[in-house]
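The values are calculated or read from the model by the stated rules, or taken from the named source; none is laboratory data. As the structure is a computational prediction, the values presented were derived from the model and not from experiment. Using ideal geometry, Cβ is built from the backbone for each residue, glycine included, and neighbour counts are taken over all protein chains shown.
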């Protein structure tokens, strides 16, 4: 007897050890995922830090240049302040000096050689003054012989100063006259001669300093205004993260669609869009929400896919963006068909680019289950990625879920064939779409019936049965589903583990998405729930049947929108879960435990 007890203890210890090892393995897997996410976050932060350091280096360089420029201007002002000013001649001298002859009073246009000959007769300072005037007039150096427009553009500052201010000829020597005070006249003339080179050199220096600003101003003027606005605002946007993302995306689309060459503009601005989102560190959830609210989906599908590739470069970001698009299309019940089809194309093309066929499969099922479904949604999916439909063909897949999707698509296509206002132009793409996966609708219906006849389904088949009956109820309606497949009515009337699980899924579907007759569907769902409650509350019931009924009732509690009803349905499930031993609780599937936890947290 003692050996038997010891053996039982060892067996229980072995079972508990296995459960603990399983739990430890699950925790280790979750830790690995967290480590990978942390490593990705570190890499993103390092890249952002590198960009910020590069920007800081540019800012330091610009500040140093500005400080040097300010110091140089201060020195120039100090030098200009020390220069002597020209004094006006005394009244006696002014009265004696006679007017020069008309030939001397008229400004004479001098070339380089004439200027040199005229200045050589006076003094060395006059020669320097004339040479400086010649450089400013021509806009080039003395050792440069060509006056090409390219050279003039490089010396934009000097040319701008010369054009803006007309060149004043050098002062001509006064005529020789007898005056009472020759010294005063000579001093006045010398002062005028000395101040002329200083003024011209200051003008040339200021023109040279204004050249970078003039070049930048010329570049800004040559670039379209909408592009300039995008480049200016992306680095200075303020406000909440979703507001900044919306503003940046709106300016980006305005710049691209406001320019004639959309391809070149998008190629130029797409990298800047990526840097702007990283610079502001906007979360991908806010970026995706801003994208679905801002993108003009009816204009250019390929551009939107490129934008998603820039703002969601990693697989995790792409998954968030695709999920946001799916929610956006399902939530907009009155969305125009053209826009809805456009979103389907964007979702499928982006899934194809990131090589996520699973995302396209989930989107296909969501579109089929949505109330605003349209056949052209599936046409867009088939044209964007034909593999999404060809994998559902009878030769490619025989799973219950694939057969159900194929059957429902065939039913929708057959319903459109009977519409009289459908033209051949509209029906051709629909027929081409269904040709990728379709077959005899009656054969698909028989395959669905055979799949539900399986009395010992596996976990994978049980999941497909849940999704299949959910799709059938949503597309055909509960009454139509029971009429088309009488086997399902008989299966739901039984009290087996599979039946009570299907009861919970069907009741949750009818409560969450009522079909044609809301009152009828609600009453049918309440009848199913009334059958589940006694099974869960019966402590003497078979454990496996009670567990299946608890799982079905948990499905109902997690889908009901009214919190009062949800808490009422969740209470028996919690009592059943609390009655289990710790080892039995640990042995439950992780998906069930996660769903129970999320439901409790939501209803708390």
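Odds and ends about this structure:
- Residues in region 247-261 that are closer than 16 Å to residue 310 by Cβ and either surrounded by fewer than 21 Cβ atoms within 10 Å (Cβ to Cβ) or touching a strand residue (DSSP E or B) at 6+ places or on another chain (Cβ under 7 Å) (or both): 1 in all.
- Yes/no for residue 267 being in contact with a helix residue (DSSP H, G or I) (Cβ under 8 Å, 6 or more places away or on another chain) and part of a helix (DSSP H, G or I): no
- Filtered residues of region 54-93 (kept if surrounded by 11 or more Cβ atoms within 10 Å (Cβ to Cβ), assigned to a helix (DSSP H, G or I) and modelled with pLDDT under 50): 92, 93
Residue-wise test of (1) over 18 Å from residue 527 (Cβ atoms); (2) surrounded by 21 or more Cβ atoms within 10 Å (Cβ to Cβ).
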{"residue": "463", "(1), (2)": "yes, no"}
{"residue": "468", "(1), (2)": "yes, yes"}
{"residue": "471", "(1), (2)": "yes, no"}
{"residue": "476", "(1), (2)": "yes, no"}
{"residue": "490", "(1), (2)": "no, no"}
{"residue": "494", "(1), (2)": "no, no"}
{"residue": "497", "(1), (2)": "yes, no"}
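- For region 274-302, the set of residues classified as assigned to a helix (DSSP H, G or I), under 13 Å from the mean Cα position of the chain (by Cα) and modelled with pLDDT of 90 or more consists of 284, 285, 286, 287, 288, 289, 290, 291, 292, 293, 294, listed by residue number.
- Filter result for the condition that a residue is at pLDDT below 90, surrounded by 14 or more Cβ atoms within 10 Å (Cβ to Cβ) and not in a loop (DSSP other than H, G, I, E, B), over 574, 565: 565
- Residue 498 falls short on exactly one of the conditions (1) closer than 20 Å to residue 559 by Cβ; (2) under 42 Å from the mean Cα position of the chain (by Cα), and that condition is (2).
- Residue selected from region 361-383 under the condition over 18 Å from residue 438 (Cα atoms) and in a helix (DSSP H, G or I), by the criterion modelled with the lowest pLDDT: 369
Residue by residue, here is whether (1) part of a helix (DSSP H, G or I); (2) farther than 24 Å from residue 234 by Cβ; (3) out of contact with any helix residue (DSSP H, G or I) (no Cβ under 9 Å at 6 or more places or on another chain) holds:
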| position | (1), (2), (3) |
| --- | --- |
| 313 | no, no, no |
| 319 | yes, yes, no |
| 324 | yes, no, no |
| 330 | yes, yes, no |
| 335 | no, yes, no |
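- Filtering region 333-357 to residues that are within 28 Å of residue 510 (Cβ to Cβ) and surrounded by fewer than 17 Cβ atoms within 10 Å (Cβ to Cβ) leaves 333, 334, 337.
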